[in-house]
Amino acid sequence: MKKKITNFEVATLNYFITRAFIIGITFNALINSMKQDSWIIPLLSVIPGIIFILLVEYIMNYEPSLSLPDKIIKLFKRKIGIVIITITSLFAYLMCTLNYLNLCSFIQSQFLTKTPILAIAILFAIASYYILSKGINTVSRTSNILFYLNILLLVISFLGLLQSLKISNLQPFFVSTLKDYASGLNGFYAFNIAPMVLLTMIPKDSIENPKLKKYLIISYILSIITIFGILFETLAVFGYELSSLYEYAEFHVLKHVTLFGLNSRIESILVMQLLYDIFIFNVLVIYFIANNVKSALKFKKTNLLYFITCILIIIGTIFLSKYNIYLDKLMTNIIPIFASIFTIIWIAVICIKIKISKK
């Protein structure tokens with residue numbers, strides 16, 4: 001008999017996926033729109049995030065024994081349901097490939113400058129496939145272990161940067177316009193709130209004694225606190241102007257971590273906290289896409305679908321890497337708007353259909 005997923009395991013999955021786009025994407029998007037006021041956006045996103053969690057829980061409460069694609073097929077009938085599942089999978093594939101490329105580009109540019117992106121992409125794909133082949137329970141347990149490591153590295157990073165903080169680097173305060181706030185909130189929603197949709201793939205009945213609302217809200221608030229800390233400390237150490245010049249300012253600021261009066265120079269270890277986020281997110285997206293295809297086509301060989309999805313993500317990553325120079329503006333200006341519109345419409349349609357079906 002398979003062990004059920006615990007509430008805490010779901011919470012740690014939520015913690016990672018809501019932080020998955022921080023390095024190189026969320027940070028750059030907020031810096032681009034809010035400048036030195038970027039640290040305010042996570043605080044303003046608490047309420048929108050909680051509202052989104054309530055919608056996610058509402059979807060999970062419907063037919064709790066079914067996964068998301070099975071719920072969609074039941075709600076919209078098979079033909080329309082397959083269309084919705086296909087569109088959703090393509091969107092998830094796009095977001096995963098963009099973040100996968102972000103991960104590979106970061107590792108190549110900062111650590112393995114002579115290693116081709118293809119080699120890095122294959123290594124992470126192998127790790128993703130191995131974990132997924134063991135089942136969602138193994139994914140959730142891996143998330144638990146990485147969560148404790150993540151928190152430890154975060155605490156070391158935050159404490160180690162305290163001596164380098166200069167509040168003057170954040171001044172002047174509150175200079176952003178309403179348009180800037182709207183852009184910043186939209187970017188944060190697209191990259192740090194919308195990914196919670198992935199949790200709807202987990203049938204509620206597979207969770208032991210489910211208390212989703214409580215655990216998801218707590219994990220989201222913890223995620224918000226850590227994102228706020230990363231933005232605040234990076235800007236307080238570097239200032240807006242210097243932060244905007246670095247390709248990965250949230251990584252380079254870790255070079256200033258000082259412990260016990262010594263400059264520790266352990267940034268390559270501390271940055272793992274941000275890489276765990278991307279890894280867990282990509283694993284869940286592969287699981288999401290493969291199980292969508294499995295339900296739509298009634299295909300039983302799940303591991304084969306994981307393998308094919310990993311191959312497709314590698315191919316997409318290599319293809320997009322040829323246009324890396326154009327992706328920065330795309331990720332800060334176009335993708336957030338597209339992702340926000342898509343996810344808002346998607347979740348609204350699903351929730352309305354569930355409400356109608358209950359009448």
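Values as computed for the structure displayed
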item	result
Top-ranked residue of the range 85-113 - restricted to ones that are β-branched (Val, Ile, Thr) and part of a helix (DSSP H, G or I), ranked as most open to solvent (accessible area, probe 1.4 Å)	Ile87
Any hit, the range 186-193, residues being open to solvent by 40 Å² or more (accessible area, probe 1.4 Å), assigned to a helix (DSSP H, G or I) and closer than 30 Å to Met60 by Cα	yes
Filtered residues of the range 41-52 (kept if in contact (Cβ under 8 Å) with a residue 60 or more places away in the chain, surrounded by fewer than 21 Cβ atoms within 10 Å (Cβ to Cβ) and among the β-branched types (Val, Ile, Thr))	Val46, Ile50
The range 314-347, residues that are of a type in the set (Val, Ile, Thr), open to solvent by 40 Å² or more (accessible area, probe 1.4 Å) and touching a residue at least 12 places away in the same chain (Cβ under 8 Å)	Ile318, Ile337
Hits in the range 146-162 (condition: under 16 Å from Arg19 (Cα atoms), crowded, with 20+ Cβ neighbours inside 10 Å and aliphatic (A, V, I, L, M))	Leu146
Hits in the range 117-143 (condition: more than 18 Å from Thr302 (Cα to Cα) and open to solvent by less than 30 Å² (accessible area, probe 1.4 Å))	Ile117, Ile120, Ala121, Ser143
Conditions (1) of a type in the set (Gly, Ala, Ser); (2) open to solvent by 10 Å² or more (accessible area, probe 1.4 Å); (3) in contact with a Phe, Trp or Tyr (Cβ under 9 Å, 6 or more places away or on another chain); number of the one not met by Ala290	(2)
Number of positions in the range 115-142 that are free of Cβ contacts under 8 Å to residues at least 12 places away in the same chain and part of a loop (DSSP other than H, G, I, E, B)	3
Residue list for the range 224-248, restricted to those being of a type outside the set (Phe, Trp, Tyr), touching a Phe, Trp or Tyr at 6+ places or on another chain (Cβ under 8 Å) and surrounded by fewer than 22 Cβ atoms within 10 Å (Cβ to Cβ)	Gly229
Qualifying residue in the range 199-208 (condition: open to solvent by 40 Å² or more (accessible area, probe 1.4 Å), part of a helix (DSSP H, G or I) and among the acidic types (Asp, Glu))	yes
Matching residues, the range 262-313, being in contact (Cβ under 8 Å) with a residue 12 or more places away in the chain and of a type in the set (Phe, Trp, Tyr)	Tyr276, Phe279, Phe281, Tyr287, Phe288, Tyr306, Phe307
Qualifying positions in the range 165-185 - assigned to a helix (DSSP H, G or I) and either among the basic types (Lys, Arg) or surrounded by 15 or more Cβ atoms within 10 Å (Cβ to Cβ) (or both)	Asn169, Leu170, Lys179, Asp180, Tyr181, Ser183, Gly184, Leu185
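The values are calculated or read from the model by the stated rules, or taken from the named source; none is laboratory data. Just so it is clear, the model here is predicted, and its values are computed rather than measured. All Cβ positions, glycine included, derive from the backbone under ideal geometry; neighbour counts span all protein chains shown. Calculation scope for accessible area: heavy atoms of the full protein, side chains included, ligands and nucleic acids excluded. Shrake-Rupley method; radii C 1.70, N 1.55, O 1.52, S 1.80 Å.
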